[in-house]
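The values are calculated or read from the model by the stated rules, or taken from the named source; none is laboratory data. Keep in mind the model is a prediction, meaning the values are calculated, not measured. Neighbour counts are summed over all protein chains in view; Cβ atoms, including those assigned to glycine, are modelled from backbone coordinates with ideal geometry. Just so you know, the surface numbers come from the protein's heavy atoms only, side chains and all, with ligands and any DNA or RNA stripped out. Shrake-Rupley method; radii C 1.70, N 1.55, O 1.52, S 1.80 Å.
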Amino acid sequence: MAAVIMAMVGCTGNKVDQTNIQDERDSLRAVIAEKDNELNEFMGVFSDIQDGLRQMSEAEGRVTVAEANPERINKKDQIREDMQFLNEAAKQTRERIAALEEKLKSSTLNVDKMKQAIVNLKEQLDMQTARVQELQVKLAERDIVIAEQTQTIAQQDETINTINQDNESKAQTIEEQTRQLNEAWYVFGTKSELKAQKIISDGEVMTKGDFNKAYFTQIDIRNTKEIKLYSKNAKMLTKHPAGSYALEKDAKGEYVLHVIAPKDFWSLTRYLVIQVK
């Protein structure tokens, strides 16, 4: 009986020990799982922060290239977007680092190593932020220079336009004056036609100011060197220097006036009157 009782007690003790061991194992597994979850969470945040820093570095590189080559790369809108992204990314990264520090206070992980990792992240962010601020200053200075150059160019363009307009106006005035200086008028017709237009009056040619000027044909003496009269009989009524012209017949026997020396021909009068039959 005593032996049986001892055996029963021994079995009961073994069952208790096994239960305790299992409980300890379960508790240890739970602790390990909790630390793994916490570590994974921290690593995820670290990865996000590092990815943000990488993206900031890439954006900074694009801005630096564009800022250094303004004459070849016209990316004003892209620079503005990249700078906006850099400022926003820096703000978000600082907030994530601050949240990570707060979470670390209640963490069961190796605090010293985590703190050092956070310090390294802060240093990276500080250096990148300093470079961004330096870029902002350079871009601001460049914008000021560009604005000044643009204003100078605009003023120069305005001055040039004013000069061009003035030159154009002067050229038009000169052209008009030159045209007027080279104006002349001619008419040919029968005696009765010329009398009817009061070009001939009392046997005189254009002695009165009421003759019909509209009956004349206006010409530019620089261009008109020949006037066909379509008549086999022609007589010059206005005075023009001898040798400055020639009245010759064409193949049909009709007279043609050839102005040989225009300057001399029109020196006495700018009106030419020829009587034909």
Alpha carbon centroid spacing (whole Å) that separates region 192-237 from region 77-91: 84
Out-of-range pairs (alpha-carbon distance over 29 Å; input 198/225; 91/113; 239/277; 213/235; 208/249; 198/252): 208/249; 198/252
Residue order for 82, 112, 250 - accessible surface, 1.4 angstrom probe, largest first: 112, 250, 82
With DNA, RNA and ligands ignored, accessible area of residue 235 (1.4 Å probe; Å², nearest 10): 120
Label point distance in nm, residue 113-residue 154, each placed 7 Å from Cα along Cα→Cβ: 6.2
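How much length is gained if the chain between residue 223 and residue 161 is pulled fully straight, taking 0.36 nm per residue apart and subtracting their Cα-Cα distance, in nm to one decimal?
Details: separation 62, 0.36 × 62 = 22.32 nm, distance 3.34 nm.
Result: 19.0 nm gained on full extension.
Ordering 258, 240 by accessible area with a probe of 1.4 Å, largest first, what comes out?
Values: 258 55, 240 20 Å².
Putting 258, 240 in descending order of accessible area: 258, 240.
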Estimated inter-spin distance, residue 94 and residue 106, nm [label 7 Å along Cα→Cβ]: 2.5
Rounded percent of accessible protein surface that carbon and sulfur make up, region 119-188, 1.4 Å probe: 52
Where region 191-277 is the region considered: accessible area per residue in Å², 1.4 Å probe: 62
Mean separation of Cα contacts under 8 Å, 6 or more apart, over the residue count of region 168-277: relative contact order %: 32
Virtual spin-label span in nm between residue 130 and residue 232, 7 Å along Cα→Cβ: 11.1
